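A short reminder: the numbers here are calculations on the coordinates, not readings from a lab. All of these numbers come straight from a predicted model, not from anything done at the bench. Every residue, glycine as well, gets a Cβ built from its backbone with ideal geometry; the counts of neighbours run over all protein chains shown.
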Amino acid sequence: MPTNVTDPIGDIKNEFRDYLDPTKAANLNPGDVTTLPNAGFDAAAVAAGGDATKVGTWDGFYDPNADKIYVRAGAEDRGLTNTHEYMHKVSNDSVGNKLGSGLDEAMTEHFSNQIATNHNQPPGNSLYNQDGRVKVVEAIETAVGRDTVAKAYFGNGDAPVTNLTQAVDAKFGAGTMQRVQNLCNKTDAAGNPDPDFAGARALLRPPAPAAPAAPAAPAAPAAPAAGP
């Protein structure tokens, strides 16, 4: 039976206990979340550095400077908005710094979706589940394993992110992860985000199996023996 996520902190600690940094996990608190009506939420988002022309599309955000989570009233999405933002609070800063925001948000939503699955719920209603970015992370995890992806996301510093990059490159060829990043973080001529998640996903498809070898030609019959 589907149930809402009423205890995202407990769910995160239980599901990802093998990967969480203990200090970050201990710093999760129900008081971290402030739910605001539209005008108040938008004002808080702009004050935290959000683009005033875009924050109206946000359901929630984590402000690392204030160490606070803000959620738009009515956009809780069965508790999954709160879950997504709590994920940011325990994530590795190097994911965003090294891989860019496209993959950072994709990984955050990917792991939030795993909490939804535990509650027999479909994925969240966010844009990230609709624009193809989560499919990119799913393909990465299929290729290199959950352990490598989770250690990069929940770990600390550049090393686990570098390990993830090397694992992807080992699977699909040198430079693949950089090309995936470039497509996920692509911008248009005006500098606005214009990601190509489908293109990134295409780079992560397993190579086609080699064509079977042609059957060997039958051996020529032996020449008859010469007569007496």
(message) What is the angle, in °, between the Cα long axis of helix 159-172 and the longest principal axis of the Cα atoms in the chain? Nearest 10 is fine, range 0 to 90.
(response) 30
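Share of antiparallel DSSP beta bridges in the chain, in percent to the nearest 5?
55
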(message) Less than 18 Å from a label point 7 Å out along the Cα-to-Cβ axis of residue 75: which backbone N atoms in the range 99-118 qualify, by residue?
(response) 102, 105-106, 108-110, 112-113
(message) As an exercise, take the mean of 1/r over every pair of distinct alpha carbons in the chain, invert it, and state the Kirkwood radius in angstroms.
(response) 19.6
(message) Counting other beta carbons within 10 Å of each residue's own, what order do 9, 140 fall into, fewest first?
(response) 9, 140
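Quick one: dipole size for the range 8-202, taken about the Cα centre, charges +1 on Lys/Arg Cβ and -1 on Asp/Glu Cβ, in debye to the nearest 20. Write out the running numbers ahead of the final one.
Details: 17 positive and 26 negative charges, 65 e Å.
So the dipole magnitude of the range 8-202 works out to roughly 320 debye.
Fewest to most neighbouring Cβ within 10 Å: what's the order for 55, 134?
On the way: 55 18, 134 23.
So the ranking, lowest neighbour count to highest, is 55, 134.
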(message) Using +1 at the C-beta of Lys and Arg and -1 at the C-beta of Asp and Glu, which of 168, 43, 19 has the Cα lying farthest in the positive direction of the dipole of the chain?
(response) 168
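Order of 79-86, 14-21 by packing, highest average Cβ count within 10 Å first? Kindly include the intermediate steps, with their values, before the conclusion.
Values: 79-86: 25.8, 14-21: 14.6.
Going by the mean number of other Cβ atoms within 10 Å, highest first, we get 79-86, 14-21.
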(request) Compute the signed sum of charges (Lys and Arg +1, Asp and Glu -1) over the other residues within less than 14 Å, Cβ to Cβ, of residue 117. (result) -3
(request) Identify, among 115, 66, 56, the residue whose Cα sits farthest towards the positive end of the charge dipole of the chain, taking +1 on the Cβ of Lys and Arg and -1 on the Cβ of Asp and Glu, with the dipole about the Cα centre. (result) 115
(request) Amide H neighbours of residue 155 under 5 Å, at least 5 residues apart or on other chains, H built in the peptide plane: list them. (result) 92
(request) Divide by every residue of the chain the summed helix terms, -39500 (n - 2.57) for each DSSP H run of at least 4, and state the resulting mean residue ellipticity at 222 nm, rounded to the nearest 500 deg cm²/dmol. (result) -13000 deg cm²/dmol
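Where does the range 98-159 land on the Kirkwood hydrodynamic radius, alpha-carbon pairs, in angstrom? Intermediate results must be reported in sequence, preceding the final value.
Details: mean 1/r = 0.0828 Å⁻¹.
Here the Kirkwood hydrodynamic radius works out to 12.1 Å.
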